[in-house]
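Here, each number is a calculation from the coordinates, and none is a lab measurement. Just so it is clear, the structure is predicted and the values come from calculations on it, not from any experiment. Neighbour counts are summed over all protein chains in view; Cβ atoms, including those assigned to glycine, are modelled from backbone coordinates with ideal geometry.
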Amino acid sequence: MKITQIRNATLHIVYKNRKFLIDPWLGPKEYMPGFEMAYNPQVRQPRTELPLPVPEIAQADAVILTHFHPDHWDQYAADALAKNVPFFVQSETDKKIIEELGFTQVYTLAESGTDFEGVTLHKTPTQHGRRETVKAACEAYGLPYDAMGTVFTAAGEETLYLVGDSIWCEEVQKTIDAYKPQVIIINACGARITNGERLIMVQEDVKAVCAYAPKAQIIASHMDTVSHLTVTREDLRTLHLPNLLIPADGETLFF
């Protein structure tokens, strides 16, 4: 297994010798405004440039899009990717959107598992912020609330759990219980909407994951890039959690 942190939630995951591109957000630095409904709307984003050329990032055996928020997918990605790349999404609604962009091999992941060239991908549930408070706020701005995680399994490989955009919640706990992953990727910049509600993990969530899965290697992604972040890589380093890795953009981890 090999995991390259690209920028924000964009990753390359090489698993069972197949390269998966996760949540490609490929526009240049500061090309889009901050989110009106969130912290720091005056800050343009992404805050950083990509660490690799777009054509290099776009080379992958398959794409996984966890959800359609504009800091996980953009027109730059749609233009850069081969239209025949196998493309995995969370729902039939998302499948239709991707197909309308000209992609020809689009599949909806199943919780029971979807097979791809020796790898089984399991769709997993999330809470993209507390459901009882954040869902209505997202929908008021025409943004989808639902997001998915993905568990990767294959013969001869350790189990990988890509949590996706989520806080620490019962859904994440139950996924860890069910699959017992050896490697867990969390999105942890503490992005918040204007009422203060977190959309993804803050320090307390990160500590909870690390404590609940002490034998797993936890990787912090979705860092230092969006306008509405409230937690930085430096903030996470001060926690001194022994099973937490905090890769820089462009850094590759080997397992």
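Once label points are set 7 Å from the Cα along Cα→Cβ at both THR114 and TYR141, what is their separation, rounded to one decimal in nm?
Going from the THR114 label point to the TYR141 one covers 2.7 nm.
Given R₀ = 35 Å, what would the calculated FRET efficiency be for GLU234 paired with THR104, taking r from the Cβ atoms and rounding to 0.05?
It comes out at approximately 0.20.
Using Cα centres only, tell me the gap between segment 62-89 and segment 193-241 in whole Å.
24 Å
When the chain is treated as a GNM, springs tying every alpha-carbon pair under 10 Å, which of ALA213, ALA155, ALA80 comes out with the largest mean-square fluctuation?
ALA155
GLN173 to GLU197: FRET efficiency via 1/(1 + (r/R0)^6), r the Cβ-Cβ distance, R0 25 Å, to the nearest 0.05?
The computed FRET efficiency comes out at 0.80.
Scan segment 137-177 for chymotrypsin sites (Phe, Trp or Tyr not before Pro) in coil per DSSP, keeping those whose Cβ has at most 15 other Cβ atoms within 10 Å, and list them by number.
TYR141
Just from its helices, what would the mean residue ellipticity at 222 nm be for the chain, if runs of 4 or more DSSP H residues each count -39500 (n - 2.57) and the sum is divided by every residue, rounded to the nearest 500 deg cm²/dmol?
That calculation yields -5500 deg cm²/dmol at 222 nm.
Only loop residues by DSSP count here, and only those with at most 16 other Cβ atoms within 10 Å; note down the trypsin sites (Lys or Arg not before Pro) in segment 153-226 that meet that. Mind dumping the intermediate values first?
Values: sites: LYS174, ARG192, ARG198, LYS207, LYS215; in loops: LYS215.
Filter output for segment 153-226: LYS215.
Taking the Cβ of THR10 as the center, what net charge do the other residues with Cβ under 11 Å away carry, scoring Lys and Arg +1 and Asp and Glu -1?
Result for the neighbourhood of THR10: -3.
Determine the alpha carbon to alpha carbon distance for each of LYS19/LYS95; LYS16/LYS180; LYS29/LYS135; LYS19/LYS123; LYS2/LYS83 and list only those over 23 Å.
LYS29/LYS135; LYS2/LYS83
Where does each of HIS222, HIS72 land when they are ranked from fewest to most other beta-carbon atoms within 10 angstrom? Write out the running numbers ahead of the final one.
Details: HIS222 29, HIS72 22.
Fewest to most other Cβ atoms nearby, the residues stand as HIS72, HIS222.
Taking H as built 1.01 Å from N, whose amide H comes closer than 5 Å to the amide H of ALA147, not counting residues under 5 places away?
Close amide H contacts, sequence-distant or interchain: THR126, HIS128.
Charges only on Cβ, +1 for Lys and Arg, -1 for Asp and Glu: so what's the dipole of the chain about the Cα centre, in debye to the nearest 20?
400 debye
Once you list every other residue whose beta carbon is under 11 Å from the beta carbon of LYS180, what net charge do they have if Lys and Arg are +1 and Asp and Glu are -1?
-1
Which ³J(HN,Hα) values in Hz, rounded to whole numbers, follow from the phi angles of segment 169-185 under the Karplus curve 6.51 cos²θ - 1.76 cosθ + 1.60, where θ = phi - 60° and Gly and Pro get x?
For segment 169-185, the Karplus-derived couplings read 7, 4, 4, 5, 4, 5, 5, 4, 4, 6, 10, 6, x, 7, 10, 10, 9 Hz, x marking Gly and Pro.
Dividing the Cα radius of gyration by the Kirkwood radius, what Rg/Rh value follows for segment 2-254? Could you put the intermediate results ahead of the total?
On the way: Rg = 16.7 Å, Rh = 18.0 Å.
Rounded to two decimals, Rg over Rh is 0.92.
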